[in-house]
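Undergrad: The structure follows.
The values are calculated or read from the model by the stated rules, or taken from the named source; none is laboratory data. Since this is a predicted model, take the numbers as computed values, not measurements. Glycine gets a Cβ as well: all are built from the backbone with ideal geometry, and neighbour counts include every protein chain shown.
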Amino acid sequence: MIVVFGSINVDLVVPVKHLPQPGETVLGPSYTLVAGGKGANQALAATRAGAKTRMVGAVGQDHFAEVALADMAVGGIDLSAVRRCDAPTGCAIICVDEAGQNQIAVASGANLEARESDLPGDLLDSRSLIGMQMEVPLKQNWALAARARTAGARLLLNVAPAGPLPNSIFPCLDWLVLNEIEASAVATALGVCRASPQATAAALSRQTNIAVVVTMGSEGAIAFSDGNAWEIGTLRITPVDTTGAGDAFVGAFAAALDEGAELPMALRWASVAGAIACLTPGAQPSLPDRAVITQHLEELAPARKLERRDL
């Protein structure tokens, strides 16, 4: 089972011709209001990829809460550990340009009330894979990580958005998933940043002794684990909106791992899901289901094992 502890938002999405510069007002023809939040997105992505999933987080008492929870409820995610509080439901304002690139500002709201203690102890064992991100109070993340490790649960941290990680967290983790910017920030803090994403990922894995996956957008992803390195490409697509791509990757990656897939296959599954998510506007509407991922899986070559000369 996958348990996601993280943010639950609504996304207000505005299509624009180009992303605004500081001080610039850019007009868009309309907006859409859809469910989002990295935690919720990743929980739904994992569920659609075939995993049994529970969501732990917080929403307000407002109408936005119903919007934020609707897709997860329809997907069959267990929402019994979602806290209702007086703070407003989190909201992200997202501008998407004609090339599918985005610019995002997030009002945390109720996400600041997320509490790791809302996760029942009977879900923290070797059968559980715990997914976390960086949009809830970090001290709650670190407390959950310590509790999960003591109980024998597996732990995946998506360092998104980038933020400081205490040294004490690394022994608790099994997987660290980051994009290039996030990897650089974490590696710099540890004094192991390198010139390329590949070298940075390798240095991070060696320094922390955990599996490190760095996503690189249209260049695919690279992973290091137990001294082995893997590279995966991505589907050739023309993106419409990249907003949910990273969360689709993480959710599908977690679902594959939870099924017992080895790292190379989990990477392939995740890369296909991330690419497909770029073809539909919005985060949660874009997350592909298992049948769609399976349909496109053969279009992407298997992950390639890298030799030292490739790094």
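Undergrad: Would a scan of the stretch 129-137 turn up a residue that is surrounded by 16 or more Cβ atoms within 10 Å (Cβ to Cβ) and out of contact with any Leu (no Cβ under 9 Å at 6 or more places or on another chain)?
TA: Yes: one or more hits.
Undergrad: Counting only residues that are within 14 Å of residue 235 (Cβ to Cβ), surrounded by 18 or more Cβ atoms within 10 Å (Cβ to Cβ) and of a type outside the set (Val, Ile, Thr), which one in the stretch 287-302 is nearest to the chain's Cα centre (by Cα)? Walk me through how you get there before you give the answer.
TA: To start, the set of residues in the stretch 287-302 that are within 14 Å of residue 235 (Cβ to Cβ) comprises 288, 292-302.
Filter once more, so that each one left must be surrounded by 18 or more Cβ atoms within 10 Å (Cβ to Cβ): 288, 293, 300.
Next cut, of a type outside the set (Val, Ile, Thr) only: 288, 300.
Values: 288: 14, 300: 21 Å.
The qualifying residue nearest to the chain's Cα centre (by Cα) is 288.
Undergrad: Could you check how many residues of the stretch 251-284 are in a helix (DSSP H, G or I) and either among the β-branched types (Val, Ile, Thr) or surrounded by fewer than 16 Cβ atoms within 10 Å (Cβ to Cβ) (or both)? Walk me through it before giving the result.
TA: First, pick out the residues of the stretch 251-284 that are in a helix (DSSP H, G or I): 251-258, 263-277, 284.
From what's left, either among the β-branched types (Val, Ile, Thr) or surrounded by fewer than 16 Cβ atoms within 10 Å (Cβ to Cβ) (or both): 272, 276.
Selection size over the stretch 251-284: 2.
Undergrad: Filter the stretch 47-76 for residues that are under 14 Å from residue 6 (Cα atoms) and crowded, with 23+ Cβ neighbours inside 10 Å and give the result.
TA: 53, 55, 56, 57, 58, 59, 68, 72
Undergrad: May I ask you to list the residues in the stretch 1-20 that are out of contact with any helix residue (DSSP H, G or I) (no Cβ under 7 Å at 6 or more places or on another chain) and buried (at least 24 other Cβ atoms within 10 Å of the Cβ)?
TA: Residues satisfying the conditions are 11, 13.
Undergrad: Next up: For the stretch 202-241: of the residues being part of a loop (DSSP other than H, G, I, E, B) and among the small types (Gly, Ala, Ser), which is nearest to the chain's Cα centre (by Cα)?
TA: Taking the stretch 202-241 and keeping what is part of a loop (DSSP other than H, G, I, E, B), we get 209-210, 216, 220, 226-227, 233-241.
Subset that is among the small types (Gly, Ala, Ser): 220, 227, 233.
Numbers: 220: 15, 227: 24, 233: 18 Å.
Step by step, filter the stretch 202-241, then rank; the result is 220.
Undergrad: To continue, here is another question. So which residues in the stretch 65-99 are of a type outside the set (A, V, I, L, M), touching a Gly at 6+ places or on another chain (Cβ under 8 Å) and closer than 20 Å to residue 285 by Cα, if there are any at all?
TA: If the condition is that a residue be of a type outside the set (A, V, I, L, M), touching a Gly at 6+ places or on another chain (Cβ under 8 Å) and closer than 20 Å to residue 285 by Cα, then 89, 90, 91, 95 are the ones that fit.
Undergrad: Still on this model: Got a sec? Which of 206, 194 is surrounded by fewer than 18 Cβ atoms within 10 Å (Cβ to Cβ) and modelled with pLDDT under 90?
TA: Only one candidate passes the filter, namely 194.
Undergrad: Suppose we filter 171, 161 for residues that are in a loop (DSSP other than H, G, I, E, B) and either touching a Leu at 6+ places or on another chain (Cβ under 6 Å) or free of Cβ contacts under 8 Å to residues at least 40 places away in the same chain (or both); which single one remains?
TA: Values: 171 fails: in a loop (DSSP other than H, G, I, E, B).
Unique residue meeting the criteria: 161.
Undergrad: Among the residues of the stretch 266-301, which ones are more than 17 Å from residue 35 (Cα to Cα), out of contact with any helix residue (DSSP H, G or I) (no Cβ under 6 Å at 6 or more places or on another chain) and not aliphatic (A, V, I, L, M)?
TA: 268, 271, 290, 294, 295, 298, 299
Undergrad: Of the residues 266, 261, 291, 273, which single one is touching a residue at least 40 places away in the same chain (Cβ under 8 Å), on the phi < 0 side of the Ramachandran plot and among the hydrophobic types (A, V, I, L, M, F, W, C)?
TA: 273
Undergrad: So which residues in the stretch 182-237 are within 20 Å of residue 277 (Cα to Cα), in contact (Cβ under 8 Å) with a residue 40 or more places away in the chain and among the β-branched types (Val, Ile, Thr)?
TA: 213, 215, 222, 232, 234, 237
Undergrad: If you don't mind, there's one more thing I want to ask. Somewhere in the stretch 103-110, is a residue surrounded by 22 or more Cβ atoms within 10 Å (Cβ to Cβ), of a type outside the set (Lys, Arg) and at pLDDT 95 or above? Show your work before the answer.
TA: First pass over the stretch 103-110, keeping only residues surrounded by 22 or more Cβ atoms within 10 Å (Cβ to Cβ): 109-110.
Retained after the next criterion (residues that are of a type outside the set (Lys, Arg)): 109-110.
The next check asks that each one be at pLDDT 95 or above; those that pass are 109-110.
For the stretch 103-110, residues surrounded by 22 or more Cβ atoms within 10 Å (Cβ to Cβ), of a type outside the set (Lys, Arg) and at pLDDT 95 or above: present.
Undergrad: Can I ask one more? In the stretch 174-201, which residues are out of contact with any Gly (no Cβ under 7 Å at 6 or more places or on another chain), closer than 20 Å to residue 249 by Cα and not in a helix (DSSP H, G or I)?
TA: Passing the criteria: 174, 175, 176, 177, 178.
Undergrad: Here is a follow-up. Give me a count of the residues in the stretch 142-158 that are touching a residue at least 60 places away in the same chain (Cβ under 8 Å) and within 15 Å of the chain's Cα centre (by Cα).
TA: The total comes to 2.
Undergrad: Just checking, which of 78, 62 is without any contact (Cβ under 8 Å) to a residue 40 or more places away in the chain and either closer than 17 Å to residue 116 by Cβ or touching a strand residue (DSSP E or B) at 6+ places or on another chain (Cβ under 6 Å) (or both)?
TA: Among 78, 62, only 78 is without any contact (Cβ under 8 Å) to a residue 40 or more places away in the chain and either closer than 17 Å to residue 116 by Cβ or touching a strand residue (DSSP E or B) at 6+ places or on another chain (Cβ under 6 Å) (or both).
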